[in-house]
Structures are given as structure tokens and as C-alpha cells.
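Visitor: For reference, the structure I am asking about is given below.
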Amino acid sequence: MKSPERVKPHRVPIVWLAAAILIATPAGIVITIALAQRYPDEPSSAGQDSLLNMPLS
């Protein structure tokens, strides 16, 4: 009986998809952090004693 032909890992599309996701995830995190540092949030105009129209105390 003939053994099945072995497929090289770089020829399997799921390997490329997994590699793309593995690389894209940390890249997206780094880009998100860089953008967050470049454009900081402005202080809320709601005041110090309330947040989203709810009293803090």
C-alpha cells in the first residue's frame, strides 16, 4: 500500500492564515497604543462630581 504524499507546511493555506493572524494581532495592538498616545482623551466636561450624568458619591 502506498503511503500518502507529505505536504510541505508552507503549501497549506491555513498555515499562512495562522501566520498572518499571529503577526497582525501584535501589530494592531502596537498601532492602537501609538494612536492612543498621539491623541489623548480630553477631560470630561461633566464635572468632578458626576460621570455620565450619574453622581460619583
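The values are calculated or read from the model by the stated rules, or taken from the named source; none is laboratory data. In this text, all values refer to a predicted model and were calculated from it rather than measured experimentally. Cβ coordinates were reconstructed from backbone atoms using ideal geometry, including for glycine residues, and neighbour counts include every protein chain displayed.
Visitor: Mind checking which pairs have a first residue in segment 28-57 that is hydrophobic (A, V, I, L, M, F, W, C) and a second that is surrounded by 10 or more Cβ atoms within 10 Å (Cβ to Cβ) and at pLDDT below 85, Cβ under 8 Å, 6 or more apart or different chains?
Guide: What qualifies is LEU51/SER44; LEU52/ALA46; LEU56/SER50.
Visitor: Count, please, the residues in segment 1-18 that happen to be assigned to a loop (DSSP other than H, G, I, E, B) and of a type outside the set (Ser, Thr, Tyr).
Guide: In the first step, residues of segment 1-18 are kept if they are assigned to a loop (DSSP other than H, G, I, E, B); the result is 1-8, 12.
If we keep only those that are of a type outside the set (Ser, Thr, Tyr) too, we end up with 1-2, 4-8, 12.
So the answer is 8.
Visitor: Continuing with the same structure: Looking at ILE14, is it surrounded by 10 or more Cβ atoms within 10 Å (Cβ to Cβ) and modelled with pLDDT of 85 or more?
Guide: Working: surrounded by 10 or more Cβ atoms within 10 Å (Cβ to Cβ): no; modelled with pLDDT of 85 or more: yes.
No.
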